[in-house]
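Visitor: Sending over a structure as C-alpha cells; questions will come in a sec.
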Amino acid sequence: MCKADRSPVTAADHEIESALRQVIHQRYPHHAIIGEEYGKVRGSNYSWILDPIDGTKSFVMGNPLFGTLIGLMHEDETVIGLIDVPAMGEQWAGDGQFTRFNNRLNVCSATVSGCHLIERARLYATPSPHFTCPDERNAVDTLSRHVAIAHPTCDCYAYGLLASGYCDLIVETGLQPYDYLPVVPIVEGAGGWITDWKGRQPGLNSDGRIVAAASKPLLDAAIDSLMRL
C-alpha cells in the first residue's frame, strides 16, 4: 500500500501508531498527539510526536535499520525523544541534557564524537535522487565532496549513530515534524547540535531541511556550505 506521495505504508504502521495513541490517551488524556498515520488530536500544551515506522521502505525490504520515533513537546520545545530500533535491539532516549543508549546488553550514556572539521567528518545525507530541488541536491553533493566519508542516510538510525559518535554530520531534506522532532533532544543530550539549514531551532513549522552535527563549528561549516545555493 502507498500514500498519495507514493511512499509505502503497512498495516504495522497503523497498528503501532494506534497502540501508542491508546496508551498515551489512557495515561495522559488531555495531551495532544501528532502522528504520521492519523494526523493530529488536539489537547494541552503537551504534544506527543509519533512515527510508528521511520524507514518503512527498509521495513518492507528486510533492512533492519527502521525504527519507531516518539517525542514529547511542551509548547514549542521537544523535551523527550526516543529512537527504538527493534530489529537491531538498540534504543536511544534523550531529554536534551543527557542521552542514554540501550542495546539489551548494556545501558550507557551516548556522546557525540566532537568532530570539528568538515574534511574529517563522516556524513549521512539524503540521497541525490530524493531531492526535488536541483539547488539543494547540488549543495549536498558539494558538501559530500569535502567530507571524509559520505553515505546515504539510514533514516532515524543515523541520528542514533551520531549520538553515539559513529558519524559526525547528517544533512536531510523533505522531512516531516515526526521525522525530526523526536531526535532533537537525543542529539542535544549527547552533546550534538541540530537545526534547520539556516541555523534555526527545528519546530512544527520548519521546512523539513535538517542539519545535525557533532559540534557547533562543524554545524556552522556545514550550514555555510549548504547556504551557498
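Rule-based calculations on the coordinates, nothing more; no lab input. Keep in mind it's a predicted model, so treat the numbers as computed, not measured. Neighbour counts run over all protein chains shown; Cβ positions are idealised from the backbone, glycine included.
Visitor: Check each of the GluC sites (Glu not before Pro) in the range 50-99 and keep only those in coil by DSSP with at most 14 other C-beta atoms within 10 angstrom; list them in order. Before the final figure, lay out each step's value.
Guide: On the way: sites: 75, 77, 90; in loops: 75.
Qualifying residues, ordered by number: 75.
Visitor: OK, next. Which of the three applies to the range 11-109, rounded, prolate or oblate, going by the alpha-carbon gyration tensor with a ≥ b ≥ c and a/c under 1.5 meaning rounded?
Guide: Oblate, since a/c reaches 1.5 and b/c is not below a/b.
Visitor: Can I ask one more? Among 126, 78, which comes first, then next, by fewest other beta-carbon atoms within 10 Å?
Guide: With the sparsest Cβ surroundings first, the list reads 126, 78.
Visitor: Return the whole-Å distance between the Cα centroid of the range 187-229 and the Cα centroid of the range 95-132.
Guide: Here the two parts' Cα centres lie 13 Å apart.
Visitor: Would you work out which of 186, 118, 226 lies farthest towards the positive end of the dipole of the range 118-226, given +1 charges on the beta-carbon of Lys and Arg and -1 on that of Asp and Glu, about the Cα centre?
Guide: Selected residue: 118.
Visitor: Can you list the trypsin sites (Lys or Arg not before Pro) in the range 18-126 that are in a DSSP coil and have 13 or fewer other beta carbons within 10 angstrom?
Guide: Working: sites: 21, 27, 40, 42, 57, 100, 104, 120, 122; in loops: 42, 104.
Sites meeting the loop and neighbour criteria: 42, 104.
Visitor: Under 8 Å for C-alpha pairs, at least 6 residues apart: give me the relative contact order for the chain, rounded to a whole percent. Mind dumping the intermediate values first?
Guide: Details: 549 pairs, mean separation 41.4, N = 229.
RCO, the chain: 18 percent.
Visitor: Under the Karplus relation 6.51 cos²θ - 1.76 cosθ + 1.60, θ = phi - 60°, what is the ordered set of whole-Hz ³J(HN,Hα) values for the range 51-56, x standing for Gly and Pro?
Guide: With the stated coefficients, the range 51-56 comes to 10, x, 9, 8, x, 4 Hz.
Visitor: On to the next question. Taking the chain as the reference, fit the longest principal axis to its C-alpha atoms, fit the long axis of helix 11-27 to the helix C-alpha atoms, and give the angle between the two in degrees, 0 to 90, nearest 10.
Guide: Taking Cα atoms only, the helix is inclined about 70 degrees.
Visitor: Of the options 204, 82, 108, report the single residue whose Cα projects farthest towards the positive end of the charge dipole of the chain (beta-carbon charges: Lys, Arg +1; Asp, Glu -1).
Guide: Checked the options; the winner is 108.
Visitor: For every other residue with a beta carbon closer than 11 angstrom to the beta carbon of residue 185, add +1 if it is Lys or Arg and -1 if Asp or Glu, then tell me the sum. Walk me through the intermediate numbers first.
Guide: On the way: positive: none; negative: 77, 95, 188.
For residues surrounding residue 185, the net value is -3.
Visitor: Also: Please state the shape class of the range 118-226: rounded when a/c is under 1.5, otherwise prolate if a/b exceeds b/c and oblate if not, all from the C-alpha gyration tensor. Intermediate results must be reported in sequence, preceding the final value.
Guide: Working: a/c = 1.40, a/b = 1.07, b/c = 1.31.
Rounded, because the longest to shortest axis ratio a/c is under 1.5.
Visitor: Right, next: What number, in percent, do you get for the relative contact order of the range 11-109 if the mean sequence gap of Cα pairs under 8 Å and at least 6 apart is divided by its residue count?
Guide: Details: 188 pairs, mean separation 15.1, N = 99.
For the range 11-109, the relative contact order is 15 percent.
Visitor: Continuing with this model, one more query. Run through the DSSP bridge list for the chain and note the antiparallel percent, rounded to the nearest 5. Kindly include the intermediate steps, with their values, before the conclusion.
Guide: Numbers: 38 of 49 bridges.
So the antiparallel bridges in the chain amount to around 80 percent.
Visitor: So, with +1 on the Cβ of K and R and -1 on the Cβ of D and E, and no other charges, what is the size of the charge dipole of the range 118-226 about its Cα centre, to the nearest 20 debye?
Guide: Numbers: 8 positive and 13 negative charges, 32 e Å.
So the magnitude is around 160 debye.
Visitor: Let me ask something additional. Please give the calculated 222 nm ellipticity per residue for the chain, where each DSSP H segment of at least 4 residues contributes -39500 (n - 2.57) and the sum is spread over every residue; nearest 500 deg cm²/dmol?
Guide: Taking each H run of at least 4 residues, the total per residue is -7500 deg cm²/dmol.
Visitor: Follow-up question, since we're still on this one. If only Cα atoms are counted, what is the Rg of the chain, and what is its Dmax, in Å?
Guide: 16.8, 50
Visitor: What do you get for the angle between helix 134-144 and the principal long axis of the chain? Use alpha-carbon atoms, 0 to 90 degrees, nearest ten.
Guide: With rounding to tens, the tilt is 70 degrees.
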